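These notes concern the structure reproduced below.
The values are calculated or read from the model by the stated rules, or taken from the named source; none is laboratory data. In this text the structure is predicted, and so the values were computed from the model without any measurement. Every residue, glycine as well, gets a Cβ built from its backbone with ideal geometry; the counts of neighbours run over all protein chains shown. SASA here: full protein model, heavy atoms, side chains in, ligands and nucleic acids out. Shrake-Rupley method; radii C 1.70, N 1.55, O 1.52, S 1.80 Å.
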Amino acid sequence: MAYERKFKIGKPILEVNNISLAFGGVKAITDTSFNVLEHEVRAIIGPNGAGKSSMLNCINGIYKPQQGTVSFRGQVVPNITPNIMAQMGLSRTFQNLALFKRMSVLDNILVGRKLHTKTNFLEVALQLPKVKKEEKLNRERSEEIISFLEIEDIKDTPVGKLPYGLQKKVELGRALATDSSIILLDEPMAGMNVEEKRDMCRFILKVNDELGTTMVLIEHDMGVVMDISDRVVVLDYGKVIGDGTPDEIMANQKVIDAYLGVEH
Amino acid sequence: MANELLFFMEVLVGGLLAGTMYSLVALGFVLIFKASATFNFSQGAMVFFSVLAFCGFMQDFNIPFVLAFILAAFLMVVVGLCTERLVLRPLMNASEDTVLMATIGLGYVLEGLAQAAWGVEVRRLDLGIGDFPVPWIADNLKLFISALDITAGLVAAIMIIGLFLLFKYTKIGLGLRAVADDAGAASSIGIPLKHIMLLVWSAAGVVALVAGCMWGARAGVQFALVDLALKALPVLIIGGFSSIPGAIIGGLIIGAVEKILEVYIGPFFGGAIEGWAPYVLAIFFLLYRPEGLFGEKIIRRV
Amino acid sequence: MKPIFMTYTKKDLINLAVCMVLSVLIIPTFIKTEYWYTSILIPWLCLALATIGQQIVMGYTGQLALGAAGFMAAGAFAMFNLILRVPDLGFVGSLIVSGLIAAAFGILFGLPSLKVRGIYLMVATLASQFFIIWMIDKFGWFKNYDSSGIITAQDIVILGKPFTTPLAMYFVCLAVTTILTLLAMNMARGSTGRNWMAVRDMDIAAESMGVSLLRTKVQAFAISAFYCGVAGALFAFCYLKSLEPVAFDIKLSFKILFMCILGGLGTINGAFIGAAFILLFPVLLNAIGNNVFHGAIDATIISSIEQVIFGLLMIIFMIYEPLGMAKLWENLKQSMKSKLSSSGIKGVKSPVLKK
C-alpha cells in the first residue's frame, strides 16, 4: 500500500520465542518464533490444525506452553495470564465467539471498558459522582464504537439473539473498547458473506490507520490477507514455514506445497 | 498398647464398613454420571422413595419380602421411565446447571410423593441380619464388627465388581461410556440414547433400593435418609464422579476418616465433626485433584 | 436528596414511589391483623433479602453456591453477640458488623470457586453450611453458654426507642431491605454487575478483557454473604425472635435456592417474587385444605403435596422458562403493552383513555 501511514510501523511490540505446546502426546506447536511490529497488520495463516488458534491462546495466556516465552515491548512476560496481558495492552477476539450471551450489545462492549473503570463496588452501590462520571465516559466511548461498527440499531439486544455475523462485529467492538495497543483476531471473518467481509476489512484497516492499533489476525481468505496485511507468518503442523510480506510468502514454495497438500 | 491398637482397628474397620454404605449410595450417582455426565441430585430421594415403597408394600399390603422387593425395583424402573421421558428428553440441549436444578426438583417430587403415599413415621426394616457384633470375629480376633456392616460390605463389593465389569467389557457398557462422552455423536452412530438412559436410570433406581435397604436396616427408614445422600457428595469428589471403583474407595476413605476423626478428635470439640469433616476433606481434594482419585480429568474446551 | 435516586429512569422512580406508598402508607393503614406482619410480610422481606444475596452469587455471577442459610446463621449469631457484648455499637452498627462477619465467612468458603465450578463448587459451599452451624452449636460462647437450647433475641432498640411491636419491626425490616435493595440494584446495573455477569457468561473472555476472576468471584461471595448475614440477623430478631442454629439448616438453604431460581435467576425482582411465592404458596394450600376439604386432609399430606409442587415447578421452569417468574412477568407486561398499543390507546403506561 503506497500511502503515508499516520502511525509508522515501528519496533517489535510482541515477540514469540521458541514456543512449544503439546496436549498429552499431541504436539500442537513446535519451537515457533516470530514477532509482530508495532502499528502493523500481521496475518497468521496456515492449513487447518496448524496451531494458529493455539498460538493466540499461548500469547494471551489461556494455554501455558511447555517451552518458550512471550515478550511484550521487549520484556519477557513471566506467568502469562489473560488478565496480565489485558492490562499490558493486549486484547483479542475468539474463533468460536465468546460473547456474554445474556447481556446486551452495549453491555458486552462496556465490559471491554473494564480497564478504564477504576471505581470499586461500594462506590458503584452508592452511585457517587465519580461513578456517574466514569460511567458516562465509558458509555460515550462504547457508543462511539457501536456507531463506528454500524450496529446502533441492535445495541440493546441480548447478543445471544443476534445472527453470527453481527456477533462477530460485537466481539470486535468489545476488543476495541479496551483501547489496547494490540488486538489478536481469531478468524474475524469466518462465516461472513462478501459484503460483511468487506465491512470487517474496512473496520480493521480504519482502526489500524486512525488509532495505530497493531492487528494480528488469523485468516483463511487469501484475498483478504493479500489486501490488508503488512506481513504474514505461515504455520503448518505447528511450525513456521514462511514469514514475510504477502508477496514473499506467496512465492514461497513451502507455503504453496502446504496449501496444496503436497507431502513435505 | 495392644488394646489401643485393637481399639483403633475396630474403629478403622467399623469406619471402612460404614463407608461401604456411603459407597452404595454413591454408586447410583456414578452410574448416571458415567452414562450421561449428569449429576442426579435426586439420588438420595430415590434411595428414600424406593426403600419406603418396599417397606410400604411389605407392611401396609402384607406382600411377602421377595415379591415386595421385586415390586419396588419395578417401581424404580417406572420412575426411570418417567424421568427419562418427562425430564431428561426435554432438557437434552440444556446446560449442565439447568439439568442439575431439574434433578433437584425431581428429588423434591420423589420425597413429597413418598411421604404423601406412605406417611412420615419411621419404619423398621428387618432384613434378618442384626446390627450387632459377629460372635466368631469377636471371639477370635477380639474385634467387635457389626454383621450388618459386613453384609453391606459384601453387597457393595458384589454390585461394584458387577457394574465395573459391565462398563468395561460389555457392549452396553461401551455404549454407556460413549453417551457420557458425547451424546450427540453417540446418537448419530446409532446408539439408542433413549434406551440407554432408561437402562441407566432404572439401574440407578435399583442400586438406590439396595442402598436404602442397607441403611434402612441400620437406622430405620426415615426422612434423614435423604440428607444422607448429601454425604455421598464428598465420596464422589474423592473417588471421582465417573469412577465405579472410585465410589468404593471414596466411600471407604470417608467412612474411615469420619470415624477416626470423630473418635479421636471429636471429644475435644463436643463431637459431631462428622457433619462437616468430609466436606472439608473434599475441599482439599477439589483444590489439588478435582477429578478425584479415579475420575476423568475435567477438560474445558476453549 | 440522596444521590442514589438520581440515576434512575422515570420508570424506576415511578416504581419506587409506588412501592413506597404501598408499603409505608397503604399496607399499614389497611392491614391491621398482626398475623400479616409477623408471619408474612416480615419473613418475606428477610428472605427476599437473603435471596438477593443468592442472586448476586448465583444469578449474576453464576457460581453454584448452596450455603445461604449458613451465612444467615453467622449474621444472626453475630448480631446476638454484638448486642450482648458491644452495646455501644447500636442496632444499625451491629447489623452492619454482623453482615461483615458473614462476609468474612463468605470469602473463606468462596475461595474454592477459583478452582472449581458446577456441582463441585456446590459441594464445597455445603461445607460452609455444615461447618458454620456446627461451630455455633458446639462453642457455647456463641450462645452465651445458654443451656436451654433456645435463646431469645434481644429487643430492638434504635436511638433509644424500642421497636418491638409487629408494625415497628415491619418498618425496621422494610427500611433495611429497601436500602440494601437499592444498593444491590445500583451494583447490578453498574460496572460491578457487568463484571459479575461477564464471569457468569464467559469467564475466559472476561479475563481477556481485564476482569480479574479472583477479585470478582471473591467479591461476589463476600457481598452475597453480607446480604445473607444481614437477612439472617433480621430473620432472627424480627421474625423468629429467637436464635437457634437449627432454624438455619440446609433446608432453608434449599428454600432460598428455590426462591432464587423460581423467582428468576439474575434479577432483583426475582428475589422478591420467588420469596413471595415460596412463602405464600403453603398458606394458600393450607387455606384450600381447610376450606375446600374442611380439614379432611392431613397437614403432613399438605406439606408433602407442597413439596411435590415445588419440585414440579422447578422441573417445568427449567424446561420451559429457565429465567423464572420474573421473565414470565416481563413477558406478560410486554404482551399487555402491545395489546394496549395495538388497540390504539396512546400513552400505554397511564390507564386513562386518551381520545
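Could you list, in sequence order, all residues of the stretch C:174-199 that are of a type in the set (Lys, Arg) and more than 8 Å from every other protein chain (Cβ to nearest Cβ)?
Of everything in the stretch C:174-199, just one residue is of a type in the set (Lys, Arg) and more than 8 Å from every other protein chain (Cβ to nearest Cβ), namely C:Arg189.
Just to be sure I understand the filter: pairs with C-beta atoms under 6 Å, separated by 6 or more residues or on different chains, first member in the stretch A:214-228 and in the same structural domain as A:Asp243 (by TED's automatic domain parsing), second member open to solvent by 50 Å² or more (accessible area, probe 1.4 Å). Which pairs pass?
Matching pairs, first to second residue: A:Ile228/A:Leu205.
Looking at the stretch C:319-342 only, could you name the residues that are facing chain B (nearest Cβ under 8 Å) and either under 21 Å from the mean Cα position of the chain (by Cα) or small (Gly, Ala, Ser) (or both)?
C:Pro322
Of all residues in the stretch B:21-54 being open to solvent by 10 Å² or more (accessible area, probe 1.4 Å) and of a type in the set (S, T, N, Q), which is farthest from the chain's Cα centre (by Cα)?
Residue satisfying both the conditions and the ranking: B:Ser36.
Which pairs do you get when a residue that is without any contact (Cβ under 8 Å) to a residue 24 or more places away in the chain, found in the stretch A:48-76, comes within reach of a residue that is of a type in the set (S, T, N, Q) and assigned to a loop (DSSP other than H, G, I, E, B), reach meaning Cβ atoms under 9 angstrom, with the pair 6+ apart or on two chains?
Qualifying pairs under 9 Å: A:Ile62/A:Thr81; A:Lys64/A:Asn79.
Of all residues in the stretch C:301-311 being out of contact with any Gly (no Cβ under 7 Å at 6 or more places or on another chain) and free of Cβ contacts under 8 Å to residues at least 24 places away in the same chain, which is nearest to A:Arg102 (Cα to Cα)?
C:Ser303
Could you check the stretch B:229-249 and list, in sequence order, the residues that are in a helix (DSSP H, G or I) and away from chain C (no Cβ under 12 Å)?
B:Gly239, B:Ile244, B:Pro245, B:Gly246, B:Ala247, B:Ile248, B:Ile249 - these are the residues of the stretch B:229-249 that are in a helix (DSSP H, G or I) and away from chain C (no Cβ under 12 Å).
Please name all residue pairs, on different chains or six or more residues apart, with Cβ atoms under 7 Å, provided the first residue is in the stretch C:326-355 and is open to solvent by less than 80 Å² (accessible area, probe 1.4 Å) and the second residue is of a type in the set (Ser, Thr, Tyr) and at pLDDT 80 or above.
From residues that are open to solvent by less than 80 Å² (accessible area, probe 1.4 Å), the pairs are C:Ala326/C:Thr267.
Only one of these is among the small types (Gly, Ala, Ser) and open to solvent by 30 Å² or more (accessible area, probe 1.4 Å): C:Ala17, C:Ala48. Name it.
C:Ala17
Among the residues that make up the stretch C:257-274, is at least one of them hydrophobic (A, V, I, L, M, F, W, C) and surrounded by fewer than 17 Cβ atoms within 10 Å (Cβ to Cβ)?
No, the conditions are met nowhere in the stretch C:257-274.
Inside the stretch B:85-117, can you point out the residues that are more than 27 Å from B:Ala224 (Cβ to Cβ), part of a helix (DSSP H, G or I) and facing chain C (nearest Cβ under 8 Å)?
Result: B:Leu86, B:Glu96, B:Asp97, B:Thr98.
Give all pairs with beta carbons closer than 6 Å in which a residue from the stretch C:112-125 that is farther than 19 Å from C:Asp201 by Cβ meets a residue that is open to solvent by less than 10 Å² (accessible area, probe 1.4 Å) and not aliphatic (A, V, I, L, M); count only pairs at least 6 apart in sequence or on separate chains.
If the second residue must be open to solvent by less than 10 Å² (accessible area, probe 1.4 Å) and not aliphatic (A, V, I, L, M), the pairs left are C:Ala124/C:Pro112; C:Thr125/C:Gly67.
Within the stretch C:50-67, identify whether any single residue is more than 30 Å from B:Asp97 (Cα to Cα) and of a type outside the set (S, T, N, Q), and answer yes or no.
No, every residue in the stretch C:50-67 fails to be more than 30 Å from B:Asp97 (Cα to Cα) and of a type outside the set (S, T, N, Q).
List the number of the failed condition for C:Leu313; all other conditions in (1) at pLDDT 90 or above; (2) surrounded by fewer than 18 Cβ atoms within 10 Å (Cβ to Cβ); (3) more than 27 Å from C:Leu167 (Cα to Cα) hold.
Tallying (1) at pLDDT 90 or above; (2) surrounded by fewer than 18 Cβ atoms within 10 Å (Cβ to Cβ); (3) more than 27 Å from C:Leu167 (Cα to Cα), C:Leu313 fails exactly one: (2).
Test each condition in (1) of a type in the set (Gly, Ala, Ser); (2) open to solvent by 20 Å² or more (accessible area, probe 1.4 Å); (3) within 14 Å of chain A (Cβ to nearest Cβ); (4) under 30 Å from C:Leu25 (Cα atoms) for C:Gly160 and report the one that comes out false.
(3)
Among the residues of the stretch A:250-261 satisfying the criterion of being free of Cβ contacts under 8 Å to residues at least 60 places away in the same chain and under 24 Å from the mean Cα position of the chain (by Cα), which is surrounded by the fewest Cβ atoms within 10 Å (Cβ to Cβ)?
Top of the filtered list is A:Met250.
Say we look at the stretch A:237-249 and pick out the residues that are open to solvent by less than 90 Å² (accessible area, probe 1.4 Å) and more than 20 Å from the chain's Cα centre (by Cα); which of these is farthest from A:Arg202 (Cα to Cα)?
Among residues in the stretch A:237-249 that are open to solvent by less than 90 Å² (accessible area, probe 1.4 Å) and more than 20 Å from the chain's Cα centre (by Cα), the one farthest from A:Arg202 (Cα to Cα) is A:Ile241.
Hey, among C:Phe91, C:Phe71, C:Phe77, which residue is among the aromatic types (Phe, Trp, Tyr), part of a helix (DSSP H, G or I) and in contact with a Cys (Cβ under 7 Å, 6 or more places away or on another chain)?
The match here is C:Phe71.
Can you report the number of residues in the stretch B:208-254 which are surrounded by 24 or more Cβ atoms within 10 Å (Cβ to Cβ) and among the charged types (D, E, K, R)?
Going through the stretch B:208-254 one residue at a time, the tally reaches 0.
Given the condition within 23 Å of C:Glu244 (Cβ to Cβ), assigned to a helix (DSSP H, G or I), out of contact with any helix residue (DSSP H, G or I) (no Cβ under 8 Å at 6 or more places or on another chain) and open to solvent by less than 40 Å² (accessible area, probe 1.4 Å), answer yes or no: does some residue in the stretch C:116-130 qualify?
no
Within the stretch C:207-222, restricting attention to residues that are part of a helix (DSSP H, G or I) and at the interface with another protein chain (Cβ under 7 Å from one of its Cβ atoms), which residue is surrounded by the most Cβ atoms within 10 Å (Cβ to Cβ)?
The extreme case among them is C:Ser208.
For the stretch B:19-57, give me each residue that is touching a strand residue (DSSP E or B) at 6+ places or on another chain (Cβ under 9 Å) and of a type in the set (A, V, I, L, M).
Scanning the stretch B:19-57 gives B:Val51, B:Leu52.
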